[in-house]
Amino acid sequence: MKKTVAISIAVLLFFITVLSACSGSGSNQPADNQPNQEAKSSDNPKSEAPMEINIMSDFSIAQPPAEDNPVIKEFEKRTNTKLNITWISYTIYNDKLNVALASGDLPDLVKIMDFTNAQFQTMAKQGAFWDLTPFLKDYENLMNSPKVIWENTKIKGKNYVIPIVRPLEVGGLAIRKDWLDKLGLPVPQTTDDLYNVMKAFRENKPDGKKDTYGFTMRGHGIIEQIFTASHGRWKEADGKLIDVTLEPEMRESILYRKKLFDEGLIPPDFSVMKDNQFWDLATSGSAGVTNETIEALWRWTYDQWKRDPNVEWLPLVSLAGPNGQQFTGQGTGFIGVAAIPKKVPEEKVRKILSVLDFGASEEGGTMSLYGLEGIHHTKEDGFYVTTEQSVKDSVGVGSFGKLFMKFDPYMYAFAPGMPKEVFERNKKIIDEKSKISTPNATVGLISETDIRLGADYNKKINDLKTQIIMGKSKIGEWDRLIDELKRDPNYQKIIEEMNGAYQERLASK
């Protein structure tokens, strides 16, 4: 083990030495464009003191990693750095970030949870952050992430940020397969099939619960996506963006959910339910369909197995709406981005990128998610079995995974304790999803009018949808609202600006 680690360190140090020598700034180059001896010496991490890097990032677990955390120390050792990470709870992170952006008092590397943040976008366009486009070709691990993720995170056609990557296929509708088997029903392929299955679940109560529902209604906007064959509000067609709110398929999706409500196939108080209440419906055997990530479904299954070993949650590959098109939505591929302020010297920019590149490697990514072998995890039959120390050292996606990630399309296919056969099944589902999944064409696009007025429009639209589903308003009110929006100059300006931003993105590719 020690010998392997030593070899890995030697290879990494050699790589950094070569990279630094090849990419030194012009001021360090002699007339023949060859690195001089002084540059070679100063770029050698063996002779250099560790470079200090100040970082601001979020965490979403009970406690953030301590300064002496062994994973941080190992990252520092492998990259010849001293990482000063300020961890801020994700619940208040955006507030702290906005204060830092306004003051200009930023660390060397800053996590941006939503890079459409108006203040950040303005600062980037004004040159307050490094355009990293010229550097990225030198960092192979970072560039191994799918091209679509890099395209989605560009600003004015340039890479001002490094995406903190996640899988593109993340989840969707899932169903109690053991309930289907008990009732002799096939896996639904269309929204009509899904209705029939939910009705059978309600009437036959496979788990014997008095109040059994078909669908928890968690993330029920996915019904809209299936009906409109779009990922969210916008759909790309013939090189343009269409606001599907105004399309007849959106109206049909509202009436479909109203039918579910009228027939008692969904919880009557769905509009005020919290996430944990949706989860309770699914895990208590009171609902047979929900919307969830694949790995979360395993956690539910594992918990339910304690009461019933026959429980089986099956993620659906896709579902066809009334138009007959099979639909499954693709995720953004990232959970935030990292940016480097322009005040950071170029030498340090390259060092920061090398740290992120190590985090995107097989070794660094594993360390970020699972910690150090023998301390935080062991590997059995191809799976990572975590130890209690991993919890004590705050290892995983809730801390280091917020910064350092290797792109892994199957990351959400696995969860601790999962049998290999379930993991292999999940991988096949993800492979099938990837063949047909619809990307969100508007990731990262901005409309200034939408920033100012969009929240009010969204509230008005979503409130009316809920009122109609629950029978408190008539569908005619939806028709009148759509007529108003088609004549509303500000709403139409949002559509115009989004299309302008989309055309600009297409032109920059």
Is it the case that segment 267-277 has a residue that's under 20 Å from Gln467 (Cα atoms), surrounded by 19 or more Cβ atoms within 10 Å (Cβ to Cβ), modelled with pLDDT of 90 or more and not acidic (Asp, Glu)? yes
Checklist (1) crowded, with 19+ Cβ neighbours inside 10 Å; (2) assigned to a helix (DSSP H, G or I); (3) hydroxyl-bearing (Ser, Thr, Tyr) applied to Ser394, failing item: (2)
Mind checking whether some residue in segment 194-205 is on the phi < 0 side of the Ramachandran plot and of a type in the set (Gly, Ala, Ser)? yes
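Only one of these is of a type outside the set (S, T, N, Q), at pLDDT 95 or above, part of a strand (DSSP E or B) and within 22 Å of the chain's Cα centre (by Cα): Val337, Val355. Name it.
It is Val337.
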Against the condition of a type in the set (Val, Ile, Thr), buried (at least 20 other Cβ atoms within 10 Å of the Cβ) and in contact with a Ser or Thr (Cβ under 6 Å, 6 or more places away or on another chain), how does Val244 come out, does it pass? yes
From the residues in segment 401-457 that are over 26 Å from Gln225 (Cβ atoms) and among the small types (Gly, Ala, Ser), which one is nearest to the chain's Cα centre (by Cα)? Gly401
Just checking, which of Ala501, Ala413, Ala455 is among the small types (Gly, Ala, Ser) and touching a Leu at 6+ places or on another chain (Cβ under 6 Å)? Ala501
Hey, among the residues in segment 441-499 that are surrounded by fewer than 17 Cβ atoms within 10 Å (Cβ to Cβ), touching a residue at least 40 places away in the same chain (Cβ under 8 Å) and of a type in the set (Gly, Ala, Ser), which one's farthest from Ile155 (Cα to Cα)? Gly471
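Taking the condition of being buried (at least 20 other Cβ atoms within 10 Å of the Cβ) and not basic (Lys, Arg), how many residues in segment 430-440 meet it? So that I can check it myself, show each step before the final result.
Going through segment 430-440, the residues buried (at least 20 other Cβ atoms within 10 Å of the Cβ) turn out to be 430, 433, 437, 440.
Now narrow it down to the ones that are not basic (Lys, Arg): 430, 437, 440.
Residues meeting the conditions: 3.
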Based on what the data block shows, is Tyr370 assigned by TED's automatic domain parsing to the domain that holds Glu432, more than 30 Å from Lys235 (Cα to Cα) and under 25 Å from the mean Cα position of the chain (by Cα)? no
Considering segment 50-69 alone, what residues qualify as being in contact with a strand residue (DSSP E or B) (Cβ under 6 Å, 6 or more places away or on another chain) and surrounded by fewer than 18 Cβ atoms within 10 Å (Cβ to Cβ)? Pro50, Glu52, Asn54
Would it be correct to say that Thr290 is touching a residue at least 24 places away in the same chain (Cβ under 8 Å), under 29 Å from Ile436 (Cβ atoms), out of contact with any strand residue (DSSP E or B) (no Cβ under 8 Å at 6 or more places or on another chain) and not hydrophobic (A, V, I, L, M, F, W, C)? no
Go through (1) out of contact with any Phe, Trp or Tyr (no Cβ under 9 Å at 6 or more places or on another chain); (2) in contact (Cβ under 8 Å) with a residue 60 or more places away in the chain; (3) part of a helix (DSSP H, G or I) and name the single condition Lys406 misses. (3)
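If a residue has to be in a loop (DSSP other than H, G, I, E, B) and aliphatic (A, V, I, L, M) to count, how many in segment 103-154 make the cut? First the steps, then the outcome.
Restricting attention to segment 103-154, the residues satisfying the condition of being in a loop (DSSP other than H, G, I, E, B) are 104-108, 113-117, 126-128, 130-135, 139, 144-146, 153-154.
Next, only the ones that are aliphatic (A, V, I, L, M) stay: 106, 113, 128, 132.
Of the residues in that region, 4 qualify.
Here is a yes/no grid of residues against (1) outside any loop (DSSP other than H, G, I, E, B); (2) modelled with pLDDT under 90; (3) over 19 Å from Asp357 (Cβ atoms):
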{"position": "Ala31", "(1), (2), (3)": "no, yes, yes"}
{"position": "Asn44", "(1), (2), (3)": "no, yes, no"}
{"position": "Ala49", "(1), (2), (3)": "no, no, yes"}
{"position": "Ile53", "(1), (2), (3)": "yes, no, no"}
{"position": "Glu76", "(1), (2), (3)": "yes, no, no"}
{"position": "Ile88", "(1), (2), (3)": "yes, no, yes"}
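The values are calculated or read from the model by the stated rules, or taken from the named source; none is laboratory data. As the structure is a prediction and not an experimental result, all values here were calculated from the model. Here Cβ is always computed from backbone atoms with ideal geometry, including for glycine, and neighbour counts include all displayed protein chains.
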